[in-house]
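Participant: Before we start, here is the structure in question, set down as structure tokens.
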Amino acid sequence: MNIHEYQAKALFEKYGVAVPRGVAARTPAEFDSALSTLGHDGALIVKSQIHAGGRGKGTFTDGFKGGVKFAKTKAEALDYANRMFNNTLVTAQTGPAGRKVQTVYFTVASDISKEYYLAILLDRNTSRPLIVASTEGGVEIEKVAHETPEKIFKVFVDPAVGLQGYQARQLAFQLGFTGDVFKNAVKLIDSLYRMFWETDAAMVEVNPLITTPDNKVLALDAKVSFDDNALFRHPEITALRDLNEEDPKEIEASKYNLSYIALDGNIACLVNGAGLAMSTMDIIKHYGGSPANFLDVGGGASKDQVQAAFRIILTDPNVKGILVNIFGGIMDCNTIATGVVAAARELGLKIPLVVRLEGNNVAAGKRTADTMADAAQKIVKLVA
Amino acid sequence: MAIIVTPETRVLVQGITGEFGGRHTKLSLDYGSAIVAGVTPGKGGQFFEHSAGQQNYRVPIFNTVRDAVAATGATASAVFVPPPFAADAILECADAGLDLCVAITEGIPIKDMVRAKRAMLGSKTRLIGPNCPGIVTPGTGKDSNGGCRIGIAPGYIHKKGHVGVVSRSGTLTYEAVFQLTSKGLGQTTSVGIGGDPVNGTSHLDVIRMFNDDPETWGIIMIGEIGGNAEVEAARWVKANCKKPVAGFIAGATAPAGRRMGHAGAVVGGTEDTAAAKIAVFKECGIECAATPSDMADALLRAAKARGAKLA
């Protein structure tokens with residue numbers, strides 16, 4: 001689960017990670033009071049809050065440029081906020097449809113001595129948390145890693161003992177810090193790791209991390225995501241979920257324990273198992289078609305789930321055909337077939353449907369295609 | 001010899017009294033596997049009963065894994081415990097000194113697995129999974145009955161033979177096994193290692209064992225986007241494995257940054273895409289299945305190229 005920058009920074013503050021002072025506003029009526037609460041007469045930063053990166057370089061659909069703006073005065077900040085609010089921001093990460101800005105975050109503009117990069121994530125190869133830091137902040141870290149790998153520093157944390165003092169110091173020295181900046185950086189790294197670990201975060205990224213002329217170390221931006229599997233033990237984090245940032249079809253699917261992700265093709269798929277679902281998308285593409293979604297109904301695939309899956313699939317206006325691919329290992333194929341037929345009848349299905357069932361009691365399931373290849377070719381031909 | 005488990009392996013089930021664990025325990029008993037004990041804290045002394053045809057099973061339930069091991073000589077466990085308690089169940093297996101723990105549970109917090117895996121360093125217990133279909137060593141009976149089935153895979157699609165299958169995905173494993181069996185190619189053992197980012201046994205671990213197993217003549221390796229476990233295994237195959245190997249990677253059409261059902265299936269960088277993994281497979285002499293329908297045929301091509309037998 002992802003959260004907004006302003007929510008992430010509130011968590012940072014709770015754990016003692018220094019951030020520039022800021023206040024979020026969810027309606028234009030709140031803009032004035034938010035700015036008064038901030039009580040800052042100097043320059044401000046106005047930041048669109050959406051769950052996607054590249055905001056600063058993004059463009060709104062009405063032509064207004066920049067989802068993050070520097071404002072010299074309160075009046076200027078108000079003007080920017082009004083232009084951002086309810087406007088749709090398109091960035092390199094949002095796709096062409098963009099995201100509607102429904103929260104604006106005002107922060108005090110900081111004097112920047114230098115920008116750095118800091119992130120914590122799980123390293124799959126070692127099964128340990130990994131802290132990544134770089135002297136090159138405010139830029140794409142993938143590019144830094146590729147072009148100047150010597151500017152990337154890493155520390156692996158042993159989960160049995162947690163982050164050790166020498167590890168935080170090592171990173172701070174590698175970033176070239178001394179004096180008060182060094183002390184503040186060590187404290188920030190330690191606090192950030194504690195937040196990562198205690199909240200079951202999947203990733204915490206601070207880009208840029210900045211130093212200021214008065215020797216502060218601040219998280220200027222914050223990107224945090226959490227392990228969905230651990231949300232059950234963090235009700236306070238679950239409460240930060242913003243449904244406006246999610247596809248309504250994906251929200252509906254999650255109610256039925258279906259894993260659904262919308263894509264931009266026209267052949268919908270309904271599959272059991274994540275690996276088989278991914279490869280069903282692949283085989284559609286292989287035969288020249290284009291998948292409209294990823295949809296995993298899980299191992300069980302009850303009749304209710306199949307019906308819900310059909311309803312969700314059909315709300316996508318791009319869908320011109322449906323491919324059902326079920327390997328009913330344990331499940332009775334007849335049960336699945338009954339569910340599919342019932343769903344098609346109930347919804348008055350008008351578009352082509354190809355069903356490939358394999359496994360238990362398949363004769364009773366009356367399959368309409370033999371192999372996955374056969375099924376994929378049939379549906380691609382039908383929607384062409 | 002099969003790998004990891006044989007039809008003689010004595011298996012206990014943690015979470016045998018749950019709906020999911022109970023259902024699959026019955027299927028394993030029907031398959032002829034030696035399910036000798038169940039473990040549910042607080043239900044020690046009770047029995048798990050199952051009748052099928054002439055067969056009546058009465059599996060004793062114990063409070064702890066240690067009690068179950070002491071009374072029944074079980075050496076392997078299937079974990080069907082709900083996610084919040086699953087890492088605890090896995091560590092209980094390690095504490096009891098089992099040879100094998102197969103964690104079926106889906107949705108275990110990553111942090112719990114990071115800690116459990118750290119705690120199991122140096123332990124003799126092999127962990128398979130979590131979030132996996134489990135392991136099947138087919139038997140010699142009808143529909144491969146009489147084998148060892150730990151987990152949730154359909155037993156009847158298997159056939160005893162000489163192909164090893166290792167995969168991160170459940171239904172894709174069944175797809176591969178089904179294709180093999182349909183073409184008359186049996187399996188030594190089929191291992192589902194699970195779709196989570198932190199798991200116990202890797203592709204490489206299983207491939208090493210298949211390589212050392214004289215009864216395994218060919219290998220199918222099924223992977224997906226995310227991580228570099230398949231790449232690590234492929235490089236090892238190139239340097240060390242003389243047996244024909246076929247591979248398939250799911251997720252060529254998956255968009256970057258989206259989690260595709262499995263917690264591990266997310267494209268994070270340029271190295272863990274399907275295209276990058278397939279390129280490494282080819283470079284390492286692994287015959288790539290063009291589509292998931294092509295997995296058994298890809299292995300047949302690999303065997304033909306090496307002049308190797310598969311059955």
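Bear in mind these aren't lab numbers, they're just calculated from the coordinates by the rules spelled out. Since the structure is predicted, the reported quantities are computational estimates derived from the model, not experimental observations. Every residue, glycine as well, gets a Cβ built from its backbone with ideal geometry; the counts of neighbours run over all protein chains shown.
Participant: Please compute the average number of Cβ atoms from other chains found within 10 Å of each residue's Cβ in peptide A:119-126. The partial results should precede the final answer.
Facilitator: Values: counts 0, 0, 1, 6, 4, 12, 5, 4.
Per residue, the number of nearby Cβ atoms from other chains is 4 on average.
Participant: Also, I was wondering about something else. Cα axis of helix A:28-38 to longest principal axis of chain A: angle in degrees, 0 to 90, nearest 10?
Facilitator: Once rounded, one gets 30 degrees.
Participant: Which residue, B:G44, B:S33, B:L98, has the largest displacement toward the positive end of the dipole of the range B:10-128 when charges sit on each Cβ (Lys, Arg +1; Asp, Glu -1)?
Facilitator: The one lying farthest along the dipole's positive direction is B:L98.
Participant: Okay, next question. What order do you get for B:E271, B:E106, B:E19 when you list them from fewest to most C-beta neighbours inside 10 Å? Walk me through the numbers before you get to the answer.
Facilitator: Working: B:E271 12, B:E106 22, B:E19 9.
Going from sparsest to densest Cβ surroundings: B:E19, B:E271, B:E106.
Participant: On to the next question. With viscosity set to 1.306 mPa s at 10 °C, what whole-number translational diffusion coefficient in µm²/s follows for the range B:10-128 from Stokes-Einstein and a Kirkwood radius over Cα pairs?
Facilitator: 112
Participant: Among B:H203, B:H50, what is the fewest-to-most ranking by other Cβ atoms within 10 Å? Could you put the intermediate results ahead of the total?
Facilitator: Working: B:H203 26, B:H50 18.
Ascending Cβ contact count within 10 Å gives the list B:H50, B:H203.
Participant: Hey, how many Å between the Cα centroid of the range B:166-205 and the Cα centroid of the range A:311-330?
Facilitator: Their Cα centres are 25 Å away from one another.
Participant: Just need the relative contact order of chain A here, percent rounded to a whole number, with Cα pairs under 8 Å and 6+ apart.
Facilitator: On the way: 772 pairs, mean separation 47.9, N = 384.
Relative contact order comes out at 12 percent.
Participant: Another question about this same structure. Select from A:I336, A:G58, A:N318 the residue farthest towards the positive end of the dipole of chain A; place +1 on Cβ of Lys and Arg, -1 on Cβ of Asp and Glu, and compute about the Cα centre.
Facilitator: The residue sitting farthest along the positive end of the dipole is A:N318.
Participant: Looking only at the protein assembly as shown, where both bridge partners belong to it, what percent of the DSSP beta bridges are antiparallel (to the nearest 5)?
Facilitator: Around 55 percent of the beta bridges assigned by DSSP in the protein assembly as shown are antiparallel ones.
Participant: With 10 angstrom as the radius, rank A:R124, B:R258, A:R55 by how many other C-beta atoms surround their C-beta, starting from the fewest.
Facilitator: Values: A:R124 20, B:R258 15, A:R55 23.
Sorted ascending by nearby Cβ count, the order is B:R258, A:R124, A:R55.
Participant: For the range B:159-306, what is the charge dipole size about the Cα centre, in debye to the nearest 20, if Lys and Arg each add +1 at the Cβ and Asp and Glu each add -1 at the Cβ?
Facilitator: Values: 16 positive and 15 negative charges, 71 e Å.
Roughly 340 debye, rounded to the nearest 20.
Participant: Still on this model: Which of B:A279, B:A89, B:A74 ends up with the largest GNM mean-square fluctuation for chain B, with Cα atoms connected below 10 Å?
Facilitator: Comparing B:A279, B:A89, B:A74 in the GNM, the peak value goes to B:A279.
Participant: Using the basic label-point model (7 angstrom from Cα toward the beta carbon), what is the A:L347 to B:N56 distance in nanometres?
Facilitator: Result: 4.8 nm between the two label points.
Participant: Please report the relative contact order for the range B:159-306, taking Cα pairs under 8 Å with a sequence separation of at least 6, and give it as a percent rounded to a whole number.
Facilitator: This gives 25 percent for the range B:159-306.
Participant: Which of the aspartates and glutamates could be linked to A:K183 by a straight reach, that is with a Cα gap under 16 Å, when you skip same-chain ones fewer than 8 residues away?
Facilitator: Leaving aside aspartates and glutamates fewer than 8 places away in the same chain, those within reach of A:K183 are A:D214.
Participant: A further question follows. In degrees from 0 to 90, rounded to the nearest 10, what is the angle of the helix B:229-240 Cα long axis to the longest principal axis of chain B?
Facilitator: Long axis of B:229-240 versus the principal axis of chain B: about 70 degrees.
Participant: Quick one: dipole size for the protein assembly as shown, taken about the Cα centre, charges +1 on Lys/Arg Cβ and -1 on Asp/Glu Cβ, in debye to the nearest 20.
Facilitator: Details: 72 positive and 70 negative charges, 198 e Å.
I would put it at about 940 debye.
Participant: Specify whether the C-alpha gyration tensor of the range A:281-341 places it in the rounded, prolate or oblate class, a ≥ b ≥ c being the square roots of the eigenvalues: rounded for a/c under 1.5, otherwise prolate if a/b is larger than b/c and oblate if not. Mind showing how you got there, number by number?
Facilitator: Details: a/c = 2.31, a/b = 1.45, b/c = 1.60.
In terms of gyration-tensor shape, oblate.
Participant: Over 18 Å between Cα atoms, which of A:K65/A:K143; A:K320/A:K350; A:K9/A:K100; B:K160/B:K282; A:K114/A:K151 qualify? Mind showing how you got there, number by number?
Facilitator: Values: A:K65/A:K143 24 Å; A:K320/A:K350 9 Å; A:K9/A:K100 21 Å; B:K160/B:K282 29 Å; A:K114/A:K151 15 Å.
Going by Cα-Cα distance, A:K65/A:K143; A:K9/A:K100; B:K160/B:K282 fall outside the 18 Å limit.
Participant: In addition: Say the dipole of chain B comes from +1 at the beta carbon of Lys and Arg and -1 at that of Asp and Glu; which of B:A254, B:A76, B:V136 then lies farthest toward its positive end?
Facilitator: Positive-end residue among those listed: B:V136.
Participant: Report, to the nearest 10°, how far helix A:303-314 tilts away from the longest principal axis of the Cα atoms in chain A, using its own Cα long axis and a range of 0 to 90°.
Facilitator: Relative to chain A, helix A:303-314 is tipped by roughly 70 degrees.
Participant: Another question, then. Let me check against my output: what whole-number percent is the relative contact order of the range B:10-128, with C-alpha pairs under 8 Å and at least 6 apart?
Facilitator: On the way: 231 pairs, mean separation 27.5, N = 119.
Computed value for the range B:10-128: 23 percent relative contact order.
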